[in-house]
Amino acid sequence: MLPFLTRKKVPLSGWALLLLILFVGVCGINDAWADSEELEFRNKITLFGGVTQEGSEIDGSIGLGATVHPYAGLYFLIGPGIEIVDRKDEGNEESFIFRLGVGYDFELTPRWSLAPEFNVDFVSGGDNALVYGLVLGYAF
């Protein structure tokens, strides 16, 4: 996970719409690669969209990352990040986080994948948070 992971309070309906648009867009791509010879891509860039649950509070969560797969579609992630919480009257509050997570990639095309992902954020000076959502990946 890269150090520019952020979390902001956003309406969940907005996240659901964004994930739907991404999913429909990826599934609608002309699958011209399917007929070409099998290519192996070693690197992948991913975009995470989901929610963060901290106690009874649920916020939106976004992130950008790079992954390495040890076996088939299964992957584990570990890494640092920054949590940014937008307080209406007090401005932004930033905290260092350390994330552990797991996910499984489902290939949509040879380059594009979609994965459910589950993470635990260990927040410095705060409560730990559960983070779950979908990851859109592009292999290169």
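A short reminder: the numbers here are calculations on the coordinates, not readings from a lab. A quick note: this is a predicted structure, and the numbers were derived from the prediction, not measured. Cβ coordinates were reconstructed from backbone atoms using ideal geometry, including for glycine residues, and neighbour counts include every protein chain displayed.
Structure data summary
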{"read-out": "D_trans [Stokes-Einstein, Kirkwood Rh over alpha-carbon pairs] for the stretch 97-140, 10 °C, 1.306 mPa s, µm² s⁻¹", "value": "137 µm²/s"}
{"read-out": "Likely footprinting exposure, 99, 111, fewest C-beta neighbours within 10 Å first", "value": "111, 99"}
{"read-out": "Distant-in-sequence amide H partners of residue 108 (H built 1.01 Å from N, under 5 Å)", "value": "113, 114"}
